[in-house]
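Here the structure is laid out as structure tokens; the discussion comes afterwards.
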């Protein structure tokens, strides 16, 4: 299975009392316009999964190949991001202690210069 994109589910109101959910396919699939689509619904990890098929005889059993664990590279990147965030937070704390926030009066004209 290949991800083509994402689309927000919109409401299509035909009449005041009739509303349909509407999903747009990517523009790359424009050649499917006018075809009859068969829609199947199943569940994966407690969430609904919809499969659109042009074949009515579609076997609705899906083999999901999504990785459920992060790869080694992803884990390393996450660790680096955490270290960078900690470093930036500690640097911001140091700047706050030594900057104008440390001075009781915020008006620099009232502060005597130390030399």
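Computed quantities for the displayed model
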read-out	value
Cα centroid separation, region 33-57 to region 1-25 (Å)	13 Å
Convex hull (Cα only) mean projected area of region 10-53, reported in nm² to one decimal	4.6 nm²
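The numbers here are math on the coordinates, done by the rules we state, and not lab data. None of the values given here were measured: they were computed from a predicted structure.
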